[in-house]
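What follows is one structure encoded as C-alpha cells, with my remarks underneath.
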Amino acid sequence: MGKAQRLFNGSATHTLYGRITPTPEQLDFLQEQWNALASYLCERLSVWGYPVSTLLQGSYRYGTLIKPLHRGESYDVDVGVYFSWDKTSNQASPTAKQLRAWVQSELQQYVSHAGETVDVVDPPKERCSRAIYSQQFHIDTPTYHLDSASDQRRLACLSGKWEESDPKPLHKWFRDVVDHEHRDQLRRLVRYLKAWAAIEFQDAASARPSSVLLTILAAEACREMWAERFWGISDDTALGLVVGKLYERLANDRRVPNPVDAEEDLNRIPQEAWEAFLTRLAALNDAAQLAESAEDEASAALAWEGAFQFLMPLPETDEVEIIEESSSKALMQVPDVVIHVYDRPGGALLSTCRNEVEVPSIS
Ligand SMILES: [Mg+2]
C-alpha cells in the first residue's frame, strides 16, 4: 500500500477523490437537467419526420466526471442527439447543416421556456451546440446521423461536413478493457489524471491533454499493469505506476491511436506545445516516485501536493509531527488552510485561496 492511500481514497476526513468527484446529489441534479432537455429535444425534433433519440456521452457516461475546480469552470455534460434514417433508401435525407440548425433552434426555444437555463452559445461550435446553465454546468449536444441499417453514426459538423465519429465502439472498448472488478479503480485513476490536468495546465492551455486522451492512456496503462499482476494495490501506488508508464510511452512516441480506429490519433496536442506537456508529465512522475519512496504519510502527501496543489489533502494536524533530525525535537507543522469562496451558501465557487482570502476591490 502507498503511504498516501488514506488521503487518496481512504478513511481521511478529506480525500483527494472526494474533492474532485461530484456527490451523488450533484450527479442526480445533473441527470434531472439532461433528462428534461433530452425529452424536450426528442419530442420537438421528431416533427421533421425522422426517429430521434438521445444518448448520454462523455465523462458522465464513462463515470469519470470531475467537479469544476476553478472559478468560471463548469460541469461538462454531453448529450448526443441522433437522427435515424437508412442511407441506402432513396428518400431525400437532411444535410449536416440542417440537423445542426434544427437542434440549435430548439435549444434556443428551450432557453425561452426553462427558467434555470441561461444561454445558448451562438453561433454554435463546429462539433456541437451548447446550453449554458446558471448552476455551473453546461450541456453539449453533438448531433449525429444514425444509419439504422448498419448501426453506424456520423457527426454533423457546422461547416456541413459529416465526420466519421462514432462514440459507441470506443465506449464499448472502455467498458470491456478491464475486468469488472478493476473498473472502479480505473475510473478513479482517470479522475486523478483529469484533476491534475485541470490544475497543472491553467497557464498552458494549448498543452492540456483532453479528457478522452487521458482516459484512453489510463485504460491502456491499467490493462498493462493488471496483466503484470499488479492487483489489489492502492490508488496512490496505482497512479504512480500508470504515470510512469504514460511518461515512458509518450516520451518515446507521442502518437495515441484510437483503440477502435487506428487511423485516428487521439493526441491533439500541437507539436509546439508538446514540450510543455512532457515537462509537466515528468514533474508528475517525479512527484509520484518521491511519494512512493516516502517514509510516512505526511511526506507522501507533501510529495503529491507538488502535483495536485490545493486539491491534495494533508494529514490531520495532530498527525503531522516531523522530527528534526539534529535535535530529535518534534516540530509541529503549521497546516495550510484552503478556503473556498462562494457567492452564497451552496452557490457558485468564486475562488480558492490558501491561508488567507484576497478581498476583491470594490469599484
Ligand atoms: Mg462537452
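Below are the figures for this structure:
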| quantity | calculated |
| --- | --- |
| Which numbered condition Ser210 fails, given (1) buried (at least 16 other Cβ atoms within 10 Å of the Cβ); (2) closer than 30 Å to Arg280 by Cβ; (3) at pLDDT 95 or above | (1) |
| Some residue of the range 49-72 being part of a strand (DSSP E or B), under 30 Å from Glu316 (Cβ atoms), in contact with a Leu (Cβ under 7 Å, 6 or more places away or on another chain) and assigned by TED's automatic domain parsing to the domain that holds Asp147 | no |
| Residue tally, condition part of a loop (DSSP other than H, G, I, E, B) and loosely packed, with under 14 Cβ neighbours inside 10 Å, over the range 97-134 | 7 |
| Residues within the range 268-291 that are surrounded by fewer than 19 Cβ atoms within 10 Å (Cβ to Cβ) and in contact with a Lys or Arg (Cβ under 8 Å, 6 or more places away or on another chain), tallied | 1 |
| First in the range 43-64 and of a type in the set (D, E, K, R), second anywhere and within 12 Å of the ligand (Cβ to nearest atom) and not in a helix (DSSP H, G or I), Cβ under 9 Å, 6 or more apart | Arg61/Asp78 |
| Given (1) away from the ligand (no atom under 15 Å from the Cβ); (2) within 29 Å of Thr88 (Cα to Cα); (3) in contact with a Lys or Arg (Cβ under 8 Å, 6 or more places away or on another chain), index of the condition Val177 fails | (2) |
| Selection from the range 154-169 of residues that are outside any strand (DSSP E or B) and more than 16 Å from the ligand (Cβ to nearest atom) | Ser159, Gly160, Lys161, Glu164, Asp166, Lys168, Pro169 |
| Test: residue in the range 145-153 that is within 22 Å of Pro51 (Cβ to Cβ), more than 16 Å from the ligand (Cβ to nearest atom) and either in the same structural domain as Ile216 (by TED's automatic domain parsing) or without any contact (Cβ under 8 Å) to a residue 24 or more places away in the chain (or both) | yes |
| Options Leu189, Leu213; residue that is at negative phi, without any contact (Cβ under 8 Å) to a residue 60 or more places away in the chain and touching a Cys at 6+ places or on another chain (Cβ under 7 Å) | Leu189 |
| Some residue of the range 182-191 being within 16 Å of the ligand (Cβ to nearest atom), under 30 Å from Leu311 (Cα atoms) and assigned by TED's automatic domain parsing to the domain that holds Lys67 | no |
| Selection within the range 108-131 - within 16 Å of the ligand (Cβ to nearest atom) and in contact (Cβ under 8 Å) with a residue 60 or more places away in the chain | Ala131 |
| Condition check for Leu16: in contact (Cβ under 8 Å) with a residue 12 or more places away in the chain, touching a Phe, Trp or Tyr at 6+ places or on another chain (Cβ under 6 Å), under 30 Å from Ala288 (Cα atoms) and away from the ligand (no atom under 16 Å from the Cβ) | yes |
| Answer residue from the range 37-79, given it is on the phi > 0 side of the Ramachandran plot and within 21 Å of the chain's Cα centre (by Cα) and is nearest to the ligand (Cβ to nearest atom) among those | Gly58 |
| Looking only at the range 80-96, and only at residues there that are more than 16 Å from the ligand (Cβ to nearest atom) and assigned to a strand (DSSP E or B), the one that is nearest to Lys168 (Cα to Cα) | Tyr82 |
| Members of the range 236-267 that are touching a strand residue (DSSP E or B) at 6+ places or on another chain (Cβ under 7 Å), touching a residue at least 24 places away in the same chain (Cβ under 8 Å) and surrounded by fewer than 19 Cβ atoms within 10 Å (Cβ to Cβ) | Asn258 |
| Condition met for Ser150 (part of a loop (DSSP other than H, G, I, E, B), at pLDDT below 95, over 28 Å from Val121 (Cα atoms) and over 15 Å from the mean Cα position of the chain (by Cα)) | yes |
| Given (1) assigned to a helix (DSSP H, G or I); (2) in contact with a Cys (Cβ under 8 Å, 6 or more places away or on another chain), number of the condition Glu25 does not satisfy | (2) |
| Residue within the range 23-39 that is small (Gly, Ala, Ser) and exposed (fewer than 13 other Cβ atoms within 10 Å of the Cβ) present | yes |
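The values are calculated or read from the model by the stated rules, or taken from the named source; none is laboratory data. Quick caveat: nothing in here was measured; it's all calculated off a predicted structure. Every residue, glycine among them, receives a Cβ derived from its backbone with ideal geometry; neighbour counts consider all protein chains shown.
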